[in-house]
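For reference, the structure is listed below as structure tokens.
The values are calculated or read from the model by the stated rules, or taken from the named source; none is laboratory data. Values in this document were obtained by computation on a predicted structure and should not be read as measured data. A quick note on method: Cβ atoms are made from the backbone with ideal geometry, for glycine too, and the neighbour counts reach across all protein chains shown.
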Amino acid sequence: MKTAIHPEYRSVVFRDASADFSFLTRSTRTSDKRVTWEDGREYPVIDVEVSSASHPFYTGKATVLDTAGRVEKFRRRYGKSAPQPAAADDAGAGAGAGAAETAGA
């Protein structure tokens, strides 16, 4: 590995102010702001907008898209109707009756 071309890899605190959550990790990022960590040492602190403590996917507050409702909305808008199940009395008529109706249309 070449010397003097790689950024310094140091301990840094990432802080999510919206969730009051911080974690210490190693990174090449740095900051002029510093914070005293639980071990009594000072580390550069980087404020982030979203972390695992505030992201809806990780907190379980994610919304699930209603795909069935979207399909129905599409069918209503463009005139496509959902396939209708065969009625119980038409079950004895067989496929020939349905084919004759569509052939005449």
Need pairs with beta-carbon distance below 8 Å; first residue within 21 Å of THR25 (Cα to Cα) and at pLDDT 70 or above and within the stretch 45-63, second among the aliphatic types (A, V, I, L, M) and part of a loop (DSSP other than H, G, I, E, B); sequence gap 6+ or separate chains. ASP47/ALA17; SER51/ALA19; ALA53/ALA19; SER54/ALA19
Got at least one residue in the stretch 30-40 being at pLDDT 80 or above, surrounded by 10 or more Cβ atoms within 10 Å (Cβ to Cβ), assigned to a loop (DSSP other than H, G, I, E, B) and polar (S, T, N, Q)? yes
Find the residue count for the stretch 1-22, including only residues that are farther than 20 Å from TYR43 by Cβ and surrounded by 10 or more Cβ atoms within 10 Å (Cβ to Cβ). 1
